[in-house]
Each structure stands twice: as structure tokens, then as C-alpha cells.
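Below is one structure, written out as C-alpha cells; the observations come after it.
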Amino acid sequence: MANVTLDTVRKTYPNGYKAVHGADFQIRDGEFIVLVGPSGCGKSTLLRMIAGLEDVTDGEILIDNAVVNDVDPARRDIAMVFQNYALYPHMSVRQNMAYGLKNQRMNKAEIASRIEEAARTLRLEDYLERKPGQLSGGQRQRVAMGRAIVRHPKVFLFDEPLSNLDAKLRTQLRAELKALHKRLGATFVYVTHDQVEAMSLADRIIIMSAGQVEQIGTPMDLYLRP
Ligand code: ADP
Ligand code: ADP
């Protein structure tokens, strides 16, 4: 578990576009935070800055109370799950999950045990030797989650992971995500434009609009207040 703090974080893209105007908030250890807002409001930019995939123009990002602005993405103790799964098509499910761990030079027995554990958690035991092309959309997204889980990160980042799935699968995977969060006790930061998804998943919701954080609160605070 880890806390994540944004201290007056701004992002201006090289073309001059100001995508984030000054985000200030703290995510607590083990919290399930959902960043919600319309397309283009800067959610993904914020998430990518936490991941280290995008430079911070101004301000500081802290993970576990340490500034990570200049820390390499691979050393931030985070794992990110993308909307389009980002799986390697020529590799099996097992190889996809092992890839990042091999790069860290983890030993084979530990890699195997982490993959078994993730496969059990995500009900992928029977699919480990298949390639992504032989899986359904829901299964592919579970593999993408598996690839994050095996790293045992302190913070999980999700960028609209369910947006490409049909409504029934979305509902099912929402429940699985909630259960996964409970089981791991890790900090989850989840981006979506879907308010229903935000309501059903979040401990606290951060509402963004036009590059700005508008409101932060529990689903009850934000949507049920008269
Ligand atoms: P969201 O995730 O809320 O849909 P994004 O963070 O993807 O929003 O994008 C926020 C704004 O920044 C959008 O207007 C988008 O077009 C713009 N943007 C995103 N990436 C770049 C980039 N590399 N260069 C310039 N503008 C960008
Ligand atoms: P351990 O000392 O085994 O890490 P924990 O209480 O931290 O004990 O974890 C309980 C179980 O959950 C263990 O099997 C552990 O491997 C697994 N686990 C812990 N953190 C994560 C994580 N971020 N992702 C996946 N599995 C995890």
C-alpha cells in the first residue's frame, strides 16, 4: 500500500496546450480512487504523470511521501492497466505476464509462482498457453490485470480498462475489480468518463473538468447530497 500526493501539479504539452491546471490532492493508503470527467478533461494526462509516462511541467508528485518527478516509471512501484490491453500478440498469456518480471531479473521459480497466483485470482488457469488473439475481450483485460498483479506493486493505475467491453462484461468485471482491490489491499487509481462506473467502484471520487479538479468526495457526498 502507498499514498499518492499531487502538489500543485500542472501539465503543459509541448504544443502549448494546458491539459492540467494545478491538481492538489492526496490519495490514502489502500484507497480506491476514481478520477471521473468528460473526455479531454485531463484524466489520462494526470494518470500518466503519476505513472511517469508523461513529464510533470510544474509541481510535485509523491508516492509514499517521496517525490518521484524524476524517478523512472519502472522504479515507481506502480503498475498500469490500459484500455486497449497493450498485450504482446505473439506471446502466450504466461509469457505476457512473465515479461516485465524477467526484465527485472526475477528468478524463474518466483515468476512461476506469481503467475500461478494471478491466474488463480483472475480465473485464467486454463488460458495460460493461449495467445491474446485466442481470447475474448474480457479475458484479454484479465490478462492485462494479471500482468499488473504479478509485479505486486503498491499502486495500481487503470486507464478506462472496461471501455472496450460490452455492458454485461463491464458489470461483471467491475465486481471482480472491487473484489481484487479488497483482496490485495493496494492503492487503486482508476480513470473513467462513466459516472455509474465511478459510483460503483470508488471509495472516493475526484471530479475533473477542463484540466481542473472540481470536487473530491465519497459517492454519497457527491451524488446524493440535496
Ligand atoms: P481525458 O483522459 O480526460 O480524455 P487527456 O488527458 O487524454 O483527457 O487529454 C487532455 C487534453 O490534452 C485533451 O484536450 C487532449 O487533446 C490534450 N492532449 C493529450 N495529449 C496531448 C499531447 N501529446 N499534445 C497536446 N495535447 C494533448
Ligand atoms: P506476503 O508476505 O506473501 O506478501 P501479504 O499479506 O502481503 O503476504 O499478501 C497476501 C497474499 O497476497 C500473498 O499471497 C501475496 O503474494 C499476495 N499479494 C500481496 N500483494 C499483492 C499484489 N500487489 N498483487 C498480487 N498479489 C499480492
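The values are calculated or read from the model by the stated rules, or taken from the named source; none is laboratory data. Note that the structure is predicted; figures quoted are calculated from it, not measured. As a convention, Cβ positions derive from the backbone with ideal geometry for all residues, glycine included, and neighbour counts pool all protein chains shown. Ligands, DNA and RNA are stripped out before the accessible areas are found, and what is left, the full protein with its side chains, is counted by its heavy atoms. Shrake-Rupley method; radii C 1.70, N 1.55, O 1.52, S 1.80 Å.
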Applying the selection to region 170-179, what residues are crowded, with 16+ Cβ neighbours inside 10 Å and either closer than 23 Å to THR45 by Cβ or hydrophobic (A, V, I, L, M, F, W, C) (or both)?
LEU173, LEU177
Does at least one position in region 164-180 carry a residue that is more than 21 Å from GLN83 (Cα to Cα) and of a type outside the set (Phe, Trp, Tyr)?
no
For MET80, are the conditions met, namely being of a type in the set (A, V, I, L, M, F, W, C) and under 27 Å from LEU128 (Cα atoms)?
yes
Could you list all residues from region 180-226 that are open to solvent by less than 60 Å² (accessible area, probe 1.4 Å), over 25 Å from HIS21 (Cβ atoms) and within 16 Å of ligand 2 (Cβ to nearest atom)?
LEU180, HIS181, GLY185, ALA186
Can you give me the ranges of the strands (runs of 3 or more DSSP E) entirely in region 1-92 with at least 1 residues that are open to solvent by 70 Å² or more (accessible area, probe 1.4 Å) and either over 21 Å from GLN195 (Cα atoms) or more than 16 Å from ligand 1 (Cβ to nearest atom) (or both)?
4-12, 18-27, 58-63
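Collect the residues in region 127-174 that are of a type in the set (A, V, I, L, M, F, W, C) and either within 16 Å of ligand 1 (Cβ to nearest atom) or without any contact (Cβ under 8 Å) to a residue 24 or more places away in the chain (or both), keeping them in residue-number order. Walk me through it before giving the result.
Pass one, region 127-174, residues of a type in the set (A, V, I, L, M, F, W, C): 128, 135, 143-145, 148-150, 155-158, 162, 165, 167, 169, 173.
Of everything in region 127-174, those that are of a type in the set (A, V, I, L, M, F, W, C) and either within 16 Å of ligand 1 (Cβ to nearest atom) or without any contact (Cβ under 8 Å) to a residue 24 or more places away in the chain (or both) turn out to be LEU157, PHE158, LEU162, ALA167.
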Condition (residue is closer than 24 Å to ASP77 by Cα, in contact with a helix residue (DSSP H, G or I) (Cβ under 6 Å, 6 or more places away or on another chain), at pLDDT 95 or above and among the β-branched types (Val, Ile, Thr)) applied to region 203-226: is it met by at least one residue?
yes
Only one of ASN107, ASN84 is in contact (Cβ under 8 Å) with a residue 12 or more places away in the chain, away from ligand 2 (no atom under 14 Å from the Cβ) and not β-branched (Val, Ile, Thr), namely ASN84
Kindly check whether there is at least one residue in region 15-25 that is basic (Lys, Arg) and free of Cβ contacts under 8 Å to residues at least 60 places away in the same chain.
no
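Would you please name the residue that is most open to solvent (accessible area, probe 1.4 Å), looking only at residues in region 120-130 that are in a loop (DSSP other than H, G, I, E, B) and more than 16 Å from ligand 2 (Cβ to nearest atom)? Walk me through it before giving the result.
Within region 120-130, the subset in a loop (DSSP other than H, G, I, E, B) is 122-124, 128-130.
In the following step, the residues that additionally are more than 16 Å from ligand 2 (Cβ to nearest atom) were identified as 128-130.
Values: LEU128: 8, GLU129: 122, ARG130: 95 Å².
Filtering first and then ranking leaves GLU129.
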For a quick check of your reading of the model, give me the residue pairs whose first member lies in region 27-46 and is within 18 Å of ALA2 (Cα to Cα), whose second is at pLDDT below 95 and surrounded by fewer than 17 Cβ atoms within 10 Å (Cβ to Cβ), with beta-carbon atoms closer than 7 Å and at least 6 apart or on different chains.
ASP29/MET1; GLY30/MET1; GLY30/GLY185
